[in-house]
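For reference, the structure discussed in these notes is given below.
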Amino acid sequence: MPLSRSLPAAAVREATLDNGLKVLIQEVHTAPLASVWCWYRVGSRDEAPGLTGISHWCEHMNFKGTRNIPRDEMKGIIERYGGSWNGYTWIDQTTYLETASTEALDRMLFLEAERMDASLYDPAECESERNVIISELKGGENDPEQLLDHELTTAAFAVHPYRQPTIGWLPDLERMTRDDLYAHYRRYYVPSNATLVIAGDVDPDDVLARVEHHFGGIAARPRPERHTAIEPEVRAERRVILRRAGTTAYWRAGFHAPALTDPAFLPLLCADAVLTGAGGLNIWSGHKVPPPQRSARLYRALVDRGLASSIAGSLLPTEQPFLYYVAATVAEGRTLREVEDVVLDELGRIARDGITDGELAKARAQLRARFVYDGDSVTDIAHQLGYFETIASWRVYHDLAGRLGDVTIDEVNDAVRRCFRPENRTIGWFEPHE
Amino acid sequence: MPLFPNRHVLGNGATIITVENHTTPSIGMLVGVRAGSYQDPPGADGTAALVARLLDRGTATRTAASIADEVDSRGASLTIGAGRHQTSVSAICLADDLPAVAPIALDIVRSPSFPAEEVETRRAELLTAIAQEEDDPAARATDAMMEALYEKHPYKRRVRGTAASVARLSRADLQAFHGNWFTPCALTIVVAGDIDPAAVVDLVGSSLDAWTSAPPPSVTVPDAPLPGERRLIAVPMMNKAQTDVAYGFVGLRRTDPDYYAAWVMNNALGHFGLGGRLGESIRERQGMAYYVFSSLDATFGPGPLTIRAGVAPANVERTLASIDVELTRIVVEGLTSTEVAESKQYLAGSIPRQLETNAAIASFLMSAELFGLGLDLDARLPGILAGVTDAQVHAVARRLLHPPTATIAVAGPWRGTTP
């Protein structure tokens, strides 16, 4: 079999406009495509009580017309080039993307510049979108796992706004006004609070000239400070029980976990690979490639033994300490108690005895493979650059593969001992009834 | 930039398709067996689904544990599933690991051993998945629509089966299904990525060496009788927060000459932008739904054209009326020249983006091979789309969309229309 003949990773070109906009450009000449992502340092963690869900609602409004692009023309711009577009909001960030043929580059940059500075927030459109967002919320409530996730996350944090669901609480969605939305937009959508990422079949000098043309005229404004309460040290194990009509029981636990830039993050990521199979660090498209988990500890303890029909672990890269989740679907005829006993037994065992050299080697191999899979399109390459730059630095992601080799067994064992202390966990049960 | 796949047929009839893609040092491999739930014996719905769950649980020469260790230690991802017409094994791995991973992917298709204790564990898994769907309004709406729309056609059967039918399946049933349908001439293997095509053919060929068996019985899918009347089925699920609507018609086969016109029509109807005409009306103008779209399931048989939406119970009737209005307008007036041109341009322009990853390339070529569309389909698609006319789009809309005989299911906190 020939040695792999893949291309070396191209260097990332960085620039900052006078108005503070950060620009990252990566050349990828394997397909005549370009992907543009514009990232803003605002997410649900920035939301004050009474205004939860505002960042996500602003995201919706930023697709509904700008000064130079009427609402019903926004969609045609990218479609003309066979492109796709989307956006998402989460706890630390809001982002918008387009991927299309390279000829669309100028239009994509124009679109993002308009979105940054000139969204209309037409009052009638805001009102109409209120119902769309409430429909999105209600659709999520149809899923018991999503309900349980919200309840669990809210209970796990006493103080930190990571506890708030990104979709927002229904009473806030029912009461927020157009003025609230517009003020949030004007405050956070400023060049110094944004990172623009372009990956694809592009020439960086040409890209920068176009970026300057479209964004250079946007007024500089101070980057808003992010005030976030600090979660105090946990002292008590917490539990939530959701009882509703349903057919299947779900078990979920959240453990306070290190932030991306904490030295314990990578060791805990290795531990997650040992427990549930490596899931990678691409929250946009990682779900498309299921983790290699058939030999993982929790899979063998639960799924092979018929206690759970599925098991998943999730340690996501966040700016501040978030949660490590473990989730199981209870198999027909088995109980939440049985599943919980086995999971806690396994977590107690890993905290007590640590992992083996063989397991660490396997975790490294899995994570190295994931870093390859997580960058197999210009969209994903651009996503990873922008995602990590927004919460830390794009270099952190690029360095991770190299740092994998340095992770020691002791570091992993320290990380799991700390993570799986009983007082560090919040456990959630979804108990269905007829 | 066309794909330029290579195609090779082994002596035993297995087809191997390879595409080089050196953008990353990884590979997507898709093994397809031309048998799925359509081949479930009468009363044994869910056989293919359960067979799929057992394939990786042991073979004649490998234990489940050794398969798990081999795949996991390399960080390879292995996904197995059964659809209506095909059972698929999808593997993603680093290029250097293909010599180890490919033989496993092929062995589990060729020689699964169906260990008895594994049958029970995986049956419970499948029963859990069926139970989960019982609590999912989207699944309940789609199932109810399909059962009514294909009342006198095999497509009414559920791919996963029912709790009752799956409970009855025996190990012998699974072995028989495998023996009857998993044969080399029903096998297509697509490998895309950082490969040397000749080496891949050798690798696959040696794994399938000496595997000969009789061709399976040929299977045809009959036409589906068209409903004679409109039906509205309520599936009350009063514990849910929102309803799911499935509003459908019998569609057409992938090989139908009208397919490409239907593809364009469907894009304008329920996809372009934020859900085409349906999205513009129901989400954008009326703010009633977070999602509304239409999908065309054109396969060996005439799968459905389905419109889906998630709406509050108070908005169900208005949503159905809005769908009726939009469909009727299209049937009477056709789509505008601008809409047809925009959809054609979008679909043609999206081809390079849709064929960027190995998994996407493998899936595309598998479909092209299964339906005999030619492995240069990606290069020909822009020309095919350019040839679709406004008149053809209007004609296929008149052929497929008929609100007075639509089959509609609504699942969720809604008990039916107020009398």
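Candidates B:Gly279, B:Gly275, B:Gly287: the one that is over 19 Å from the mean Cα position of the chain (by Cα), within 14 Å of another protein chain (Cβ to nearest Cβ), part of a loop (DSSP other than H, G, I, E, B) and of a type outside the set (Asp, Glu) is B:Gly287. Of all residues in the stretch B:329-353, those that are out of contact with any helix residue (DSSP H, G or I) (no Cβ under 6 Å at 6 or more places or on another chain) and polar (S, T, N, Q) total 4.
How many residues does the stretch A:276-294 contain that are facing chain B (nearest Cβ under 8 Å), assigned to a loop (DSSP other than H, G, I, E, B) and open to solvent by 10 Å² or more (accessible area, probe 1.4 Å)? I'd like the intermediate steps shown before the answer.
Narrowing the stretch A:276-294 to residues facing chain B (nearest Cβ under 8 Å): A:277-278, A:288-294.
Now restrict to residues that are assigned to a loop (DSSP other than H, G, I, E, B): A:277-278, A:289-294.
Cutting the leftovers down to open to solvent by 10 Å² or more (accessible area, probe 1.4 Å) gives us A:289-291, A:293-294.
The number of residues fulfilling the criteria is 5.
Across the stretch B:125-137, the number of residues qualifying as in contact with a strand residue (DSSP E or B) (Cβ under 7 Å, 6 or more places away or on another chain) and free of Cβ contacts under 8 Å to residues at least 24 places away in the same chain comes to 1.
The C-beta contact set for the stretch A:324-341 (first residue over 13 Å from A:Gly428 (Cα atoms) and within 8 Å of chain B (Cβ to nearest Cβ), second residue open to solvent by less than 60 Å² (accessible area, probe 1.4 Å) and of a type in the set (D, E, K, R), distance under 7 angstrom, 6+ apart or interchain) comprises A:Ala331/B:Glu125. Taking the criterion of being β-branched (Val, Ile, Thr) and over 27 Å from the mean Cα position of the chain (by Cα), the only residue of the stretch B:203-239 that qualifies is B:Thr212. The number of residues in the stretch B:68-93 being surrounded by fewer than 22 Cβ atoms within 10 Å (Cβ to Cβ), part of a helix (DSSP H, G or I) and facing chain A (nearest Cβ under 7 Å) comes to 2. Identify, from the list B:Thr306, B:Thr357, the residue that is touching a strand residue (DSSP E or B) at 6+ places or on another chain (Cβ under 9 Å), at pLDDT 95 or above and under 23 Å from A:Glu98 (Cβ atoms). Residue meeting the stated conditions: B:Thr357.
With the structure loaded, tell me whether A:Val339 is among the β-branched types (Val, Ile, Thr), open to solvent by less than 10 Å² (accessible area, probe 1.4 Å) and either in contact with a Gly (Cβ under 6 Å, 6 or more places away or on another chain) or under 27 Å from B:Ala64 (Cα atoms) (or both) or whether it fails that test. Spelling it out, A:Val339 is indeed among the β-branched types (Val, Ile, Thr), open to solvent by less than 10 Å² (accessible area, probe 1.4 Å) and either in contact with a Gly (Cβ under 6 Å, 6 or more places away or on another chain) or under 27 Å from B:Ala64 (Cα atoms) (or both).
The set of residues in the stretch B:126-160 that are open to solvent by less than 20 Å² (accessible area, probe 1.4 Å) and within 14 Å of chain A (Cβ to nearest Cβ) comprises B:Leu126, B:Thr128, B:Ala129, B:Ile130, B:Ala131, B:Asp135, B:Pro137, B:Ala139, B:Ala141. Taking the stretch A:22-130 and the helices (runs of 4 or more DSSP H) fully enclosed by it, the elements with 1 or more residues that are among the acidic types (Asp, Glu) and over 23 Å from A:Arg223 (Cα atoms) are at A:71-79, A:105-117.
Per the listing B:Pro257, B:Pro304, B:Pro236, the residue uniquely under 20 Å from B:Val331 (Cα atoms) and either facing another protein chain (nearest Cβ under 10 Å) or surrounded by fewer than 20 Cβ atoms within 10 Å (Cβ to Cβ) (or both) is B:Pro257. For the stretch A:295-312, the criterion of being touching a strand residue (DSSP E or B) at 6+ places or on another chain (Cβ under 6 Å), among the hydroxyl-bearing types (Ser, Thr, Tyr), over 25 Å from A:Thr247 (Cα atoms) and crowded, with 24+ Cβ neighbours inside 10 Å is satisfied by no residue at all. Here the stretch B:281-291 is the region considered, the condition is being in contact (Cβ under 8 Å) with a residue 24 or more places away in the chain and touching a strand residue (DSSP E or B) at 6+ places or on another chain (Cβ under 7 Å), and the residue that is farthest from B:Thr255 (Cα to Cα) is B:Met288. For the stretch A:7-21, a residue qualifies if it is outside any strand (DSSP E or B) and surrounded by fewer than 24 Cβ atoms within 10 Å (Cβ to Cβ), and the qualifying residues are A:Leu7, A:Pro8, A:Ala9, A:Ala10, A:Ala11, A:Leu17, A:Asp18, A:Asn19, A:Gly20. Residues in the stretch B:380-419 that are open to solvent by 50 Å² or more (accessible area, probe 1.4 Å), part of a loop (DSSP other than H, G, I, E, B) and not charged (D, E, K, R): B:Thr389, B:His402, B:Thr417, B:Thr418, B:Pro419. Can you run down the residue pairs with Cβ atoms below 6 Å, 6 or more apart or on separate chains, where the first is in the stretch A:405-430 and under 23 Å from A:Arg239 (Cα atoms) and the partner is of a type in the set (Lys, Arg)? That search, which allows pairs on different chains as well, returns A:Glu423/A:Arg235; A:Thr426/A:Arg238; A:Ile427/A:Arg239; A:Gly428/A:Arg252.
Beta carbons closer than 6 Å, at least 6 apart along the sequence or on distinct chains, pair a first residue in the stretch A:342-355 that is within 12 Å of A:Cys419 (Cα to Cα) and touching a residue at least 40 places away in the same chain (Cβ under 8 Å) with a second that is surrounded by 14 or more Cβ atoms within 10 Å (Cβ to Cβ) and β-branched (Val, Ile, Thr) for A:Ile350/A:Val416; A:Ala351/A:Val416. Residue count for the stretch B:290-328, restricted to those that are basic (Lys, Arg) and in a strand (DSSP E or B): 1.
Restrict the check to the stretch B:34-42 and report whether at least one residue is assigned to a loop (DSSP other than H, G, I, E, B), more than 14 Å from chain A (Cβ to nearest Cβ) and either modelled with pLDDT under 95 or more than 21 Å from the chain's Cα centre (by Cα) (or both). Don't jump to the end; show me each part of the working.
In the first step, residues of the stretch B:34-42 are kept if they are assigned to a loop (DSSP other than H, G, I, E, B); the result is B:34-36, B:40-42.
Narrowing further to those that are more than 14 Å from chain A (Cβ to nearest Cβ): B:34-36, B:40-42.
From the residues that got through so far, the ones that are either modelled with pLDDT under 95 or more than 21 Å from the chain's Cα centre (by Cα) (or both) too are B:42.
Yes, there is a match, as at least one residue in the stretch B:34-42 is assigned to a loop (DSSP other than H, G, I, E, B), more than 14 Å from chain A (Cβ to nearest Cβ) and either modelled with pLDDT under 95 or more than 21 Å from the chain's Cα centre (by Cα) (or both).
The values are calculated or read from the model by the stated rules, or taken from the named source; none is laboratory data. It should be emphasised that the depicted structure is a prediction, and the values quoted were computed from it without experimental measurement. All Cβ positions, even for glycine, are placed from backbone atoms using ideal geometry, and neighbour counts span all protein chains on display. Note: areas computed on protein heavy atoms with side chains; ligands, DNA, RNA excluded. Shrake-Rupley method; radii C 1.70, N 1.55, O 1.52, S 1.80 Å.
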